[in-house]
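Asker: After the structure tokens below, expect a handful of questions from me.
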Amino acid sequence: MKREEAEELLQTLSNGTRLRLLNLLLASEEEPCVCEIEDALDLPQYTVSRHLNRLKRIGLVDSRKDGVWSYYSLSRDADSEVRTILKTIGKVLDGETFQEDEKRLEERLTDREEGKCVRGHQNDERDE
């Protein structure tokens with residue numbers, strides 16, 4: 001990894017919301033859609049989308065479209081070193097917040113039909 005890439009990675013990982021997002025994707029066996037992520041993190045769509053776009057831009061997150069839904073996953077191309085860093089961060093940071101996020105996502109994923117999100121956005125009036 002080049003120095004510039006390492007700097008951008010570390011700057012990206014310095015944001016708590018992006019860490020929570022990455023932790024969800026790392027912990028989930030499913031590819032959550034943006035509205036499922038919003039509900040799990042209790043954040044507005046704009047905030048989640050902005051952070052997902054940053055993570056996609058540096059190659060940490062992949063997305064795929066299925067009709068009107070966009071589903072997200074940790075990038076298959078992410079270096080094993082990056083995955084190790086993310087797992088380590090998850091262990092040393094506020095594990096309680098991460099666990100609560102994971103629990104909310106797990107509960108939200110039970111609303112799927114045939115493995116797909118069907119509910120959409122639940123609360124667009126959240127504060128950032």
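The values are calculated or read from the model by the stated rules, or taken from the named source; none is laboratory data. Worth saying up front: this structure is predicted, and the values here are computed from it rather than measured. Positions of Cβ are generated from backbone atoms using ideal geometry, with glycine treated the same way; all protein chains shown enter the neighbour counts.
Asker: Consider only pairs whose beta carbons are under 9 Å apart and that are at least six residues apart or on different chains; among these, list those whose first residue lies in the stretch 104-118 and is within 12 Å of residue 30 (Cβ to Cβ) and whose second residue is surrounded by 11 or more Cβ atoms within 10 Å (Cβ to Cβ) and of a type in the set (Phe, Trp, Tyr).
Answerer: Filtered contacts from the stretch 104-118: 116/69; 116/71; 117/69; 117/71.
Asker: When residues of the stretch 1-28 are filtered for being within 30 Å of residue 110 (Cα to Cα) and not in a loop (DSSP other than H, G, I, E, B), how many remain?
Answerer: Here the count works out to 13.
Asker: Suppose the filter is exposed (fewer than 14 other Cβ atoms within 10 Å of the Cβ) and modelled with pLDDT under 90; does residue 26 pass it?
Answerer: no
Asker: Another question, if that's okay. Give the residue that is surrounded by the most Cβ atoms within 10 Å (Cβ to Cβ), with candidates limited to residues of the stretch 74-104 that are acidic (Asp, Glu) and modelled with pLDDT under 85.
Answerer: Of everything passing the filter in the stretch 74-104, 79 is surrounded by the most Cβ atoms within 10 Å (Cβ to Cβ).
Asker: Of all residues being in contact with a strand residue (DSSP E or B) (Cβ under 8 Å, 6 or more places away or on another chain) and not in a helix (DSSP H, G or I) in the stretch 29-53, which is farthest from residue 88 (Cα to Cα)? Just the residue, please.
Answerer: In this case the residue turns out to be 33.
Asker: Additional query: Would you pick out the residues in the stretch 6-23 that are surrounded by fewer than 19 Cβ atoms within 10 Å (Cβ to Cβ), in contact (Cβ under 8 Å) with a residue 40 or more places away in the chain and over 13 Å from residue 85 (Cβ atoms)?
Answerer: Answer for the stretch 6-23, where residues must be surrounded by fewer than 19 Cβ atoms within 10 Å (Cβ to Cβ), in contact (Cβ under 8 Å) with a residue 40 or more places away in the chain and over 13 Å from residue 85 (Cβ atoms): just 8.
Asker: With 75, 80 as the choices, which residue is farther than 22 Å from residue 120 by Cβ, touching a strand residue (DSSP E or B) at 6+ places or on another chain (Cβ under 6 Å) and of a type in the set (Gly, Ala, Ser)? First the steps, then the outcome.
Answerer: On the way: 80 fails: touching a strand residue (DSSP E or B) at 6+ places or on another chain (Cβ under 6 Å).
Selected residue: 75, the only one of 75, 80 that is farther than 22 Å from residue 120 by Cβ, touching a strand residue (DSSP E or B) at 6+ places or on another chain (Cβ under 6 Å) and of a type in the set (Gly, Ala, Ser).
Asker: Among all residue pairs at least 6 apart or on different chains, which show Cβ distances below 8 Å where the first residue, located in the stretch 51-75, is more than 18 Å from residue 28 (Cβ to Cβ) and the second is part of a loop (DSSP other than H, G, I, E, B)?
Answerer: 59/75; 59/77; 59/78
Asker: How many of the residues making up the stretch 54-86 are farther than 20 Å from residue 117 by Cα and outside any helix (DSSP H, G or I)?
Answerer: 8
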